[in-house]
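Enquirer: Quick one: structure below, then a few questions.
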Ligand SMILES: [Zn+2]
């Protein structure tokens with residue numbers, strides 16, 4: 001019988017020190033970030049579901065850092081026995097460049113799609129809004145946007161939808177105005193990718209309002225709801241910016257200690 005088990009993996013691209021200039025400077029996994037900078041790792045997630053190879057967010061590409069390229073992501077896929085041509089569907093939680101610049105690259109000196117066969121799913125309003133502000137991100141970012149806009153197989157999503165079997169996308173707002181939460185659920189295996197609403201493990205048990213959020217209060221409220229839902233329904237949380245064990249479940253809860261975080265392999 002064909003093995004139809006779903007597998008999921010984090011495609012770790014590296015750890016970065018990110019300053020107010022939004023430049024991603026590569027650092028060692030265990031290093032501290034530079035002064036006044038934030039330590040962020042990057043993990044697109046691959047879910048293999050039968051004939052579909054699905055990505056939840058798409059990595060940095062070569063747009064945001066010195067010496068970053070698409071090669072790490074492609075070799076990570078090879079380790080999972082697939083090529084970039086076999087990626088069928090890419091869901092983008094929100095349209096900050098560190099979450100989706102990997103869908104195109106300039107390895108050969110001009111823009112090319114990294115995953116030429118993939119359908120790409122983005123927030124419709126988010127995509128429209130980005131067109132009006134992308135020039136501010138610089139010429140390269142604007143070129144990237146217009147290239148994607150004309151050449152990629154873009155699919156536009158609104159408040160809540162299930163564009164392919166087992167994948168549900170729900171608009172949350174919070175971190176960005178049109179931020180979306182991505183869910184995979186086939187009745188047996190459940191994954192939740194909440195973009196930068198739950199970007200790191202520290203978001204689980206620390207009560208905080210993040211000043212970099214578009215709507216910090218709302219982001220906190222959504223985060224609390226999602227944590228409870230993940231705990232009650234046994235979702236594996238996929239944390240895009242986590243450095244170690246970016247996939248985990250919330251296995252227990254106590255008033256005093258909060259949630260128990262248990263790493264999941266992948
Ligand atoms: Zn981010």
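The numbers here are math on the coordinates, done by the rules we state, and not lab data. A quick note: this is a predicted structure, and the numbers were derived from the prediction, not measured. Counting neighbours? That spans all protein chains shown, and the Cβs are built from the backbone with ideal geometry, glycine included.
Enquirer: What fraction of the DSSP beta bridges in the range 7-263 is antiparallel, stated in percent and rounded to the nearest 5?
Expert: Expressed as a percentage, antiparallel bridges in the range 7-263 total about 75.
Enquirer: For 72, 223, what's the fewest-to-most ordering of other Cβ within 10 Å of each Cβ?
Expert: Least to most surrounded, the residues fall as 72, 223.
Enquirer: Right, here's the next one. For labels at residue 51 and residue 225 in the simple 7 Å Cα→Cβ model, what's the distance in nm?
Expert: Taking the simple label geometry, residue 51 and residue 225 are separated by 3.5 nm.
Enquirer: Using Cβ counts within 10 Å as a stand-in for footprinting exposure, how do 159, 89 rank, fewest first?
Expert: 159, 89
Enquirer: Pick from 165, 44, 33: which residue has the top mean-square fluctuation in a GNM of the chain where Cα pairs under 10 Å get a spring?
Expert: In this elastic network of the chain, the residue with the biggest mean-square fluctuation among 165, 44, 33 is 165.
Enquirer: Which percent, nearest 5, of DSSP beta bridges in the range 121-266 are antiparallel?
Expert: 75
Enquirer: Mind telling me which of 234, 151, 190 comes out most flexible in a GNM of the chain, alpha-carbon contacts under 10 Å?
Expert: Sorting by GNM fluctuation, first place goes to 151.
Enquirer: Of 203, 118, 51, which is the most mobile in a GNM of the chain whose springs link Cα atoms less than 10 angstrom apart?
Expert: 51
Enquirer: Classify the range 12-128 as rounded, prolate or oblate from the Cα gyration tensor: take a ≥ b ≥ c as the square roots of its eigenvalues, call it rounded if a/c is under 1.5, otherwise prolate when a/b beats b/c and oblate if not.
Expert: Verdict is prolate for the range 12-128.
Enquirer: While we're on this one: Can you show me the helix-derived [θ] at 222 nm for the chain, built from DSSP H runs with n ≥ 4 at -39,500 (n - 2.57) apiece and divided by the number of residues, rounded to the nearest 500.
Expert: My calculation for the chain gives -6500 deg cm²/dmol from helical runs alone.
Enquirer: Starting from the 7 Å offset along Cα-to-Cβ, what nm value, one decimal, do you get for the label separation of residue 185 and residue 131?
Expert: Roughly 3.3 nm, to one decimal.
Enquirer: Fewest first, what order do 231, 85, 121 take by the number of other Cβ atoms within 10 Å?
Expert: 85, 231, 121
Enquirer: How much length, in nm to one decimal, is gained on full extension between residue 252 and residue 143, taken as 0.36 nm per residue of separation minus their Cα-Cα distance?
Expert: 34.6 nm
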